[in-house]
Amino acid sequence: MLSPSMTRDADAAPRIEALRREIRRHDELYYAGDRPEISDAEYDRLKRELLRLEAAHPELATPDSPTRRVSGRPTEAFAAVEHRAAMLSLDNAMSAEDLREFEARLKRTLPGLPVEYVCEPKIDGLGVALLYEQGHFIRGATRGDGRVGEDITHTLRTVKAIPERLHGPLRAARTLEVRGEVFMPREAFTRLNASLEEAGEPVFANPRNAAAGAVRQKDPAITATRPLDIFLYHVSHCDPARFTSHWDTLEALRESGFPVNPRSTRCAGMDEVLASCRTIEEGRDALDYDADGVVVKVDDLEQQRRLGATSHHPRWAIAYKFAARQATTRVLEITITVGKTGALTPTAKLEPVELAGVTVSNVSLHNEDEVRRKDVRVGDTVLIERAGDVIPYLVQVVTSNRPRDAKPFRMPRRCPACGGSAVRPEGEAIWRCTNIACPAQLKERLFHFGSRRAMDIEHLGEVVIAQLVDRGLVHDFADLYALPVDRLAALDRLADKSARNLHDAIQTSKRRGLARLLNGLGIRMVGERAAQLLASRFGSMDRLEKASEAEIAEIYGIGPQIAQAVSAFFTEARNRRTIERLRETGVAMAEEGRHQGPQPLRGKTLVLTGSLRSLTRDQVKDLVIRLGGRVSGSVSKKTDYVVVGEDPGSKADDARRLKVEILGEEDFLRLVGRTP
Ligand code: IVH
C-alpha cells in the first residue's frame with residue numbers, strides 16, 4: 001500500500017502515476033471482486049491526495065485519470081446495459097465547512113435565489129438502476145463504469161422490496177428509470193456471516209460486500225436466500241416528465257410502491273441541512289443498515305438542471321461523509337477461542353484503542369485462511385474499523401511498521417483448552433477440536449443453551465457456568481436441571497437469593513418448547529430459524545428423532561447440509577442419552593399450539609408449476625410442509641398432485657403424460673382447507 005507523503009514537484013509525476021495505478025487496482029477489487037483490501041476512508045485518502053496533486057500540477061492531468069471517471073467497470077459475466085443517463089458518483093464533503101462551500105458554489109450559479117435542500121442517509125450498498133415500462137419492472141442493472149452496467153434483472157427479481165408492478169402516480173409512465181441502493185440489513189448480515197462461519201465458508205467483511213455478492217450471482221436462487229432490501233432515491237428518466245421538485249419525486253416514488261428512506265428530510269436552508277446531518281449521524285447506530293454519510297441534494301429540479309454536472313458528479317448534490325471510525329493499534333497476541341461446536345477461532349488481542357466511543361481490545365480473525373490472506377502477525381500495526389454497530393474488524397496490516405522478527409501465524413494442532421487433537425476437514429476453513437468432552441466447548445454450549453433466544457435461563461452467566469463445569473457439577477445440559485439450590489448457593493459470588501433465582505430460572509426454562517430447545521442444543525448448522533422450521537414440521541422431538549435425513553432435507557429452507565448435521569446429531573448415542581435425560585427431568589419436547597391441526601397432505605408429494613395469485617412459492621412450500629406433505633422439483637410417477645398456476649412450465653405436460661392429478665389454484669386451496 002502507498003503511504004501518503006509530502007510531494008515535491010520533481011516527485012509529482014511518479015507519485016501521481018503510482019496513485020492512479022493503486023486507485024484503479026482498488027476500484028477493480030471493489031467493484032469486480034466484491035473483496036476490497038482497504039477501507040473506504042483509506043480509499044478516499046488516496047483519491048484526495050491524487051486530486052490535490054492534479055490540481056497543483058494541471059500539466060500532469062489526463063482524461064483517463066480515476067479522478068475524472070466514475071470508477072468501476074462491468075465484468076464480463078453479465079450482459080452489458082447502457083444507462084439512459086450516466087450513473088454519476090458524488091462529490092464529498094468532510095466537514096460543515098465543505099458544506100458551506102458547496103452552498104457558496106450553488107449561489108454563484110443561482111444568484112439571489114433561495115435554495116432548498118433534501119437530506120437523505122447515504123446507504124453503503126450497491127447502486128442500481130431499475131427500468132419500468134407501463135408500470136412493469138423490465139430490467140435492473142448495476143452502475144458498472146457509470147455508462148455501461150451489468151444486467152442483474154434475474155437476481156433483482158428475487159428482492160421482495162422491488163415492486164414488479166407499480167400502482168399510484170407512476171403506474172402509467174411509458175418508461176421510468178429509477179435509481180436506488182440495494183443493501184443487506186445489519187441483522188441479516190450478522191446472521192449470514194454466523195452461518196457461513198459455522199459452515200466453514202469465508203465470511204463477508206461487511207454488509208456492502210455481502211449485498212454485492214448476493215446481487216451479482218448467476219443463480220437467482222442463491223440471491224433469494226440472502227435477505228436484501230432497497231431504498232429508491234432518484235428518478236433519472238420519466239416519460240412523460242412530471243416533477244418539479246426532488247421532494248415531490250420521492251413522494252411519488254413512495255405512492256407508487258417503492259421503498260423510500262423515511263429519514264429523508266426537506267431543509268429550508270444550509271443551517272437546517274447541518275442540523276439534519278448531525279441528527280442522522282448521531283442516530284447512525286440505531287439504523288438497521290450501514291450508512292456512511294448524508295446525501296444533500298438541491299430540491300428544485302429546475303435549479304438542478306441549471307447547475308448541471310461534471311463528468312464525475314452532479315453539481316447539485318454532495319455527500320457529507322460521517323467521521324471515519326477507524327483506528328490503528330498493535331497486535332499483542334493471537335489467541336484461539338473454542339466455540340460450542342469445537343471450532344477454533346483465531347482472535348487478535350490488541351493494545352486497547354478507542355473507536356467511536358467503545359474500547360476495542362480484540363477482533364476476530366475468523367479462520368486460518370483469513371489470517372493468511374491478511375498476513376496478520378504478532379507485533380503488527382493494524383488498521384481496524386467499526387462500521388455502524390457491526391463488530392469491529394481488521395481491515396489490513398500496515399506492513400511498513402512490521403517488526404523484523406515477526407513470524408507468520410500458524411494454527412495450533414491441539415485444542416488450547418483441552419489438548420485434544422485439532423483437525424481441519426477437507427474443504428472447510430475451520431479447525432475443530434475433536435474431543436467431545438472438551439470443557440471449553442461445554443462452557444460455550446451451556447452459555448448458548450441458556451441464552452435469550454434459546455432456553456432463556458436468566459442468571460446463568462459465564463462466571464457461574466465456568467464454576468459448574470470446573471467443579472465437575474455439570475457435564476451436559478441435563479445436569480443443569482438436577483442441581484439443588486444448596487449446590488448453587490455453594491458457588492463463589494452467588495448469594496442464597498441469587499442461587500434460588502437461578503434455580504427457579506432453570507426450572508422455568510423447561511417449558512420453552514421444542515423450537516427453543518432445538519436451538520439450544522447447538523446442533524451444527526441449526527440456528528434459530530432452522531430450529532423453528534424443524535419444530536413446526538415435526539412438532540415433537542420424538543418425530544424428529546425418527547425422521548430420516550431425506551425427510552428432513554425436504555423441508556423448504558433446510559437443505560441437505562443441515563439435514564445431514566441433524567441426522568448426525570441424533571445418530572450419536574451420547575446425544576440421544578442427553579435428550580432422554582432432559583425428557584425425564586420434565587423438559588418439554590413438543591411445540592405447543594403448533595402442528596395439532598389436521599394433516600390433509602400427510603405423505604403426499606406435490607409439484608408446483610407457474611405462479612398462484614394468492615400465494616407465493618415460498619408460502620405454498622411452507623404450507624405444504626406444515627400440513628405434512630412435501631414439495632418436489634420434478635414430476636414423476638410418485639408425484640401425487642401437480643399444482644398448476646398461471647404461465648405453467650413443461651411440468652404441466654409431464655403431469656398429463658404421467659397421468660398425475662392436476663390441481664388448479666382453487667382446487668389446491670380447497671385441499672389445504674382455505675377458501676379460494
Ligand atoms: S444520489 C445523480 N442518493 O452513493 C444521483 N446516492 O458515492 C447520484 N448513494 O452512486 C446519486 N445513498 O450508489 C444518491 N440517498 C442517496 C444515496 C446515494 C447512497 C450511493 C449511490 C452513488 C454513491 C456515490
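The values are calculated or read from the model by the stated rules, or taken from the named source; none is laboratory data. The model shown is predicted, which means the values in this text are computed figures rather than measured ones. Positions of Cβ are backbone-derived with ideal geometry, glycine not excepted, and every protein chain shown enters the neighbour counts. Ligands, DNA and RNA are stripped out before the accessible areas are found, and what is left, the full protein with its side chains, is counted by its heavy atoms. Shrake-Rupley method; radii C 1.70, N 1.55, O 1.52, S 1.80 Å.
So in segment 87-99, with the set limited to residues that are small (Gly, Ala, Ser) and surrounded by fewer than 18 Cβ atoms within 10 Å (Cβ to Cβ), which one is farthest from the ligand (Cβ to nearest atom)? Write out each step before concluding.
Step one: list which residues in segment 87-99 are small (Gly, Ala, Ser), which gives 89, 93, 95-96.
If we keep only those that are surrounded by fewer than 18 Cβ atoms within 10 Å (Cβ to Cβ) too, we end up with 95-96.
Numbers: Ser95: 17, Ala96: 19 Å.
My answer is Ala96.
Do we find a residue being in contact with a Cys (Cβ under 6 Å, 6 or more places away or on another chain), modelled with pLDDT of 90 or more and more than 24 Å from Asn206 (Cα to Cα) anywhere in segment 397-415? Checked against the condition, which is being in contact with a Cys (Cβ under 6 Å, 6 or more places away or on another chain), modelled with pLDDT of 90 or more and more than 24 Å from Asn206 (Cα to Cα), segment 397-415 yields at least one hit.
Counting only residues that are open to solvent by 40 Å² or more (accessible area, probe 1.4 Å) and modelled with pLDDT of 95 or more, give me the strands (runs of 3 or more DSSP E) lying completely in segment 322-371 with at least 2 of them.
Working: elements: 326-338, 343-355, 358-364.
Where strands (runs of 3 or more DSSP E) fall fully within segment 322-371 and carry at least 2 residues being open to solvent by 40 Å² or more (accessible area, probe 1.4 Å) and modelled with pLDDT of 95 or more, they are 326-338, 343-355.
Residues in segment 301-342 that are within 16 Å of the ligand (Cβ to nearest atom) and farther than 30 Å from Ala96 by Cα: 0 in all. The set of residues in segment 443-479 being open to solvent by 20 Å² or more (accessible area, probe 1.4 Å), at negative phi and of a type in the set (Gly, Ala, Ser) consists of Ser451, Gly461, Ala466. Scanning segment 140-158 for residues that are touching a helix residue (DSSP H, G or I) at 6+ places or on another chain (Cβ under 8 Å), in a helix (DSSP H, G or I) and more than 16 Å from the ligand (Cβ to nearest atom) turns up His154, Thr155. Sub-9 Å Cβ pairs linking a first residue in segment 159-183 that is within 15 Å of His136 (Cα to Cα) and part of a helix (DSSP H, G or I) to a second residue that is open to solvent by 10 Å² or more (accessible area, probe 1.4 Å) and within 16 Å of the ligand (Cβ to nearest atom), at least 6 apart or interchain, are Gly168/Arg254; Pro169/Glu251; Leu170/Val235; Leu170/Cys238, ordered by first then second residue. Any residue at all in segment 279-292 that is part of a loop (DSSP other than H, G, I, E, B), among the hydrophobic types (A, V, I, L, M, F, W, C) and within 12 Å of the ligand (Cβ to nearest atom)? No, the conditions are met nowhere in segment 279-292. Since Arg613 meets every condition but one in (1) touching an Asp or Glu at 6+ places or on another chain (Cβ under 7 Å); (2) buried (at least 18 other Cβ atoms within 10 Å of the Cβ); (3) basic (Lys, Arg), which condition does it not meet? In the conditions (1) touching an Asp or Glu at 6+ places or on another chain (Cβ under 7 Å); (2) buried (at least 18 other Cβ atoms within 10 Å of the Cβ); (3) basic (Lys, Arg), Arg613 misses (2) alone. Determine whether segment 289-307 contains at least one residue that is at pLDDT below 95, open to solvent by 40 Å² or more (accessible area, probe 1.4 Å) and not aromatic (Phe, Trp, Tyr). No, because not a single residue in segment 289-307 is at pLDDT below 95, open to solvent by 40 Å² or more (accessible area, probe 1.4 Å) and not aromatic (Phe, Trp, Tyr).
It is to be established whether one or more residues within segment 100-114 are in contact (Cβ under 8 Å) with a residue 60 or more places away in the chain, more than 9 Å from the ligand (Cβ to nearest atom), open to solvent by 80 Å² or more (accessible area, probe 1.4 Å) and closer than 29 Å to Ala173 by Cα. Break it down into steps so the answer makes sense when it comes.
Taking segment 100-114 first, the residues in contact (Cβ under 8 Å) with a residue 60 or more places away in the chain are 100, 102-103, 105-106, 109-110, 113-114.
Restricting the remaining residues to those that are more than 9 Å from the ligand (Cβ to nearest atom) gives 100, 102-103, 105-106, 109-110, 113-114.
Among the residues that remain, those that are also open to solvent by 80 Å² or more (accessible area, probe 1.4 Å) are: 100, 105, 114.
Still in the list and also closer than 29 Å to Ala173 by Cα: none.
For segment 100-114, residues in contact (Cβ under 8 Å) with a residue 60 or more places away in the chain, more than 9 Å from the ligand (Cβ to nearest atom), open to solvent by 80 Å² or more (accessible area, probe 1.4 Å) and closer than 29 Å to Ala173 by Cα: absent.
Given the condition of a type outside the set (A, V, I, L, M), more than 24 Å from Tyr393 (Cα to Cα), within 15 Å of the ligand (Cβ to nearest atom) and surrounded by 22 or more Cβ atoms within 10 Å (Cβ to Cβ), answer yes or no: does some residue in segment 179-197 qualify? The answer is yes; a qualifying residue exists.
A quick yes/no check of all residues on (1) touching a strand residue (DSSP E or B) at 6+ places or on another chain (Cβ under 6 Å); (2) at positive phi; (3) within 14 Å of the ligand (Cβ to nearest atom):
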| site | (1), (2), (3) |
| --- | --- |
| Lys47 | no, no, yes |
| Leu50 | no, no, no |
| Leu53 | no, no, no |
| Pro63 | no, no, no |
| Ala79 | yes, no, no |
| Glu82 | yes, no, no |
| Pro121 | yes, no, yes |
| Leu126 | yes, no, yes |
| Gln134 | no, yes, no |
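Summed over segment 520-553, the residues that are more than 26 Å from Glu444 (Cα to Cα) and buried (at least 22 other Cβ atoms within 10 Å of the Cβ) give a count of 3.
Identify all residues within segment 308-321 that are open to solvent by 20 Å² or more (accessible area, probe 1.4 Å) and not small (Gly, Ala, Ser); write none if there are none. Don't jump to the end; show me each part of the working.
Pass one, segment 308-321, residues open to solvent by 20 Å² or more (accessible area, probe 1.4 Å): 308-313, 315-316, 320-321.
Of everything in segment 308-321, those that are open to solvent by 20 Å² or more (accessible area, probe 1.4 Å) and not small (Gly, Ala, Ser) turn out to be Thr310, His312, His313, Arg315, Trp316, Tyr320, Lys321.
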